[in-house]
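K.L.:
Got a structure here, written out as structure tokens. Questions coming.
The values are calculated or read from the model by the stated rules, or taken from the named source; none is laboratory data. The structure displayed is predicted, hence computed values, not measured ones. Don't worry about glycine lacking a Cβ; one is built from the backbone with ideal geometry, like all the others, and counts go over all protein chains shown. Ligands, DNA and RNA are excluded from the accessible area calculation, which covers all protein heavy atoms including side chains. Shrake-Rupley method; radii C 1.70, N 1.55, O 1.52, S 1.80 Å.
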Amino acid sequence: MFEKQKQDVGENSTAIQAGGNVTITPYQELRAIFLDLFELNFPRIQQAAKETADQRIEAMLDELQKSFIKHKDQIDPRKFEEPAMQYEMQAMAIDVARKGEKSNVGLLCELFCTMMSKDCPELIELIAAEARRILPNLSPKHVSYLSLEVLVNEAALTAPNLQTINHIVGQTLSHISKCSQVTQSDLQYISVSGAIVARGITHVGVTPSFIKDIPELKGKNAEQIIEYSNKNGLNSFSELQDLITKLHIGHFQLTAVGRLIGWLNLSKFTQIDIKQLFK
């Protein structure tokens with residue numbers, strides 16, 4: 001299967017080097033390329049382990065297909081020819097085969113599509129490649145913490161009234177609810193991973209950026225926000241402020257890699273173009 005061979009490239013297809021020239025169309029045969037790369041790295045492993053690894057790779061390819069369909073207008077098929085992209089495909093296959101769902105498969109696929117987009121700057125490719133390396137080592141609660149940092153320090157929410165904003169915040173907190181399990185040891189782990197760094201000056205009593213812009217809450221400190229929220233049925237606001245205190249928000253700041261991961265994890269709630277974050 002892996003001997004050197006020459007093939008003619010058909011219309012709307014791309015030639016890819018994966019132990020030999022392979023001609024694919026971006027969506028229909030992407031699965032075959034990943035499986036080839038997987039076989040190159042795991043050619044002879046015990047049958048039971050191979051079956052598990054195969055199942056994990058198949059699950060990843062199903063998830064990757066969803067991401068490709070979602071981003072089909074942005075994908076540049078010619079990037080399959082680049083050695084850097086083939087390396088990332090190979091590394092993804094290895095990570096997923098080893099760790100399965102623990103490797104954060106969905107976010108890995110979104111990262112890969114980000115790197116494969118037509119107008120992806122080299123800087124974003126570099127950040128995404130580093131995030132791809134880090135993601136399989138982060139648990140869901142770690143990823144949720146990174147998204148909490150994004151929500152508190154960067155997110156902007158626009159809605160006609162406080163109740164609507166409260167609802168949006170509630171949905172977001174539900175999505176990242178595992179962050180409530182983060183401990184001090186977890187924060188040190190995330191820091192060692194390279195997704196956050198300690199602030200030179202610790203920020204105390206942090207108030208989310210979007211709350212500062214709400215007329216009814218402008219100028220209030222954390223305790224006053226919680227008091228006002230509890231009185232007016234804005235439970236998501238008070239829950240968010242409690243998380244800020246519990247998780248020591250203001251002691252660390254996101255690196256470029258942590259910022260990308262945090263935003264990607266919130267992508268279902270926002271239309272933001274990830275590439276615009278690093279201009």
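K.L.:
To the nearest 20 debye, what is the magnitude of the charge dipole of the stretch 157-279 about its Cα centre, counting +1 on the Cβ of each Lys and Arg and -1 on the Cβ of each Asp and Glu? Could you put the intermediate results ahead of the total?
P.N.:
Numbers: 11 positive and 8 negative charges, 66 e Å.
So the dipole magnitude of the stretch 157-279 works out to roughly 320 debye.
K.L.:
Using per-residue counts of other Cβ atoms within 10 Å, averaged over each peptide, order 63-72, 124-133 from highest down.
P.N.:
Details: 63-72: 15.9, 124-133: 20.5.
Sorting 63-72, 124-133 by mean packing, highest first, produces 124-133, 63-72.
K.L.:
Show me, for the stretch 117-128, the HN-Hα J-couplings you get by feeding each phi into the Karplus relation (A = 6.51, B = -1.76, C = 1.60, θ = phi - 60°), rounded to Hz, glycine and proline as x.
P.N.:
With the stated coefficients, the stretch 117-128 comes to 6, 4, 10, 6, x, 4, 4, 5, 4, 5, 5, 5 Hz.
K.L.:
Could you check the spin-label model distance between Gln55 and Glu122? Points 7 Å from the Cα along Cα→Cβ, value in nm.
P.N.:
4.4
K.L.:
What percentage of the solvent-accessible surface of the stretch 58-155, computed with a 1.4 Å probe over protein heavy atoms, is contributed by carbon and sulfur atoms?
P.N.:
Values: 2040 of 4010 Å².
Roughly 51 percent, rounded to a whole number.
K.L.:
Can you list which of the trypsin sites (Lys or Arg not before Pro) found in the stretch 199-277 are DSSP loop residues with at most 14 other C-beta atoms within 10 Å?
P.N.:
On the way: sites: Arg199, Lys212, Lys218, Lys220, Lys231, Lys246, Arg259, Lys268, Lys275; in loops: Arg199, Lys218, Lys220.
For trypsin sites (Lys or Arg not before Pro) across the stretch 199-277 that sit outside H, G, I, E and B with at most 14 neighbouring Cβ atoms in 10 Å, the list reads Arg199, Lys218.
K.L.:
Using the Kirkwood radius built from alpha carbon pairs, what does the Stokes-Einstein equation give as D for the stretch 73-167 at 37 °C and 0.692 mPa s, in µm² per second?
P.N.:
Values: Rh = 15.2 Å.
Estimated diffusion coefficient is 216 µm²/s.
K.L.:
To continue, here is another question. Between Ile201 and Glu223, what's the calculated FRET efficiency when r is the beta-carbon distance and R0 is 22 Å? Round to 0.05. Spell out each step's value before the answer.
P.N.:
Working: r = 22 Å, r/R0 = 0.99.
Efficiency, rounded to the nearest 0.05: 0.50.
K.L.:
By accessible area of protein heavy atoms, probe 1.4 Å, what ranking do Tyr189, Tyr87 get, highest first?
P.N.:
Values: Tyr189 100, Tyr87 130 Å².
So, going from the largest accessible area down, we get Tyr87, Tyr189.
K.L.:
Mind listing the phi-derived Karplus ³J(HN,Hα) values for the stretch 200-205, rounded to whole Hz, using 6.51, -1.76 and 1.60 with θ = phi - 60°, and x for any glycine or proline?
P.N.:
With the stated coefficients, the stretch 200-205 comes to x, 10, 5, 9, 10, x Hz.
K.L.:
On to the next question. If you put +1 on each Lys and Arg Cβ and -1 on each Asp and Glu Cβ, how big is the dipole of the stretch 190-249 around its Cα centre, in Debye rounded to 20? Before the final figure, lay out the partial values.
P.N.:
Numbers: 6 positive and 6 negative charges, 32 e Å.
The dipole magnitude comes to about 160 debye.
K.L.:
What is the extension gain from Gln184 to His248, computed as 0.36 nm multiplied by their sequence separation minus the C-alpha to C-alpha distance, in nm to one decimal?
P.N.:
Stretched fully, the Gln184-His248 segment lengthens by 22.2 nm.
K.L.:
Which entries of Lys141/Lys220; Lys50/Lys178; Lys66/Lys275; Lys141/Lys275 show an alpha-carbon separation above 23 angstrom in the structure shown? Could the numbers behind the result be given before it?
P.N.:
On the way: Lys141/Lys220 29 Å; Lys50/Lys178 31 Å; Lys66/Lys275 20 Å; Lys141/Lys275 25 Å.
Violating the 23 Å Cα-Cα cut-off are Lys141/Lys220; Lys50/Lys178; Lys141/Lys275.
K.L.:
Taking θ as phi - 60°, what are the ³J(HN,Hα) couplings along the stretch 94-104 by the Karplus curve (6.51, -1.76, 1.60), each to the nearest whole Hz, with x for Gly and Pro?
P.N.:
Rounded to whole hertz, the list is 5, 4, 5, 4, 6, 10, x, 4, 5, 7, 6.
K.L.:
Something else now. Give me the base-10 log of I(q)/I(0) for the stretch 237-279 at each q in 0.17, 0.27 Å⁻¹, Debye formula, one uniform scatterer per Cα, rounded to two decimals.
P.N.:
Debye output, listed in q order: -0.63, -0.97.
K.L.:
Using all Cα-Cα distances in the stretch 121-279, what percent lands in each 10 angstrom bin from 0 up to the longest?
P.N.:
That works out to 11, 41, 35, 13, 1, in percent per bin.
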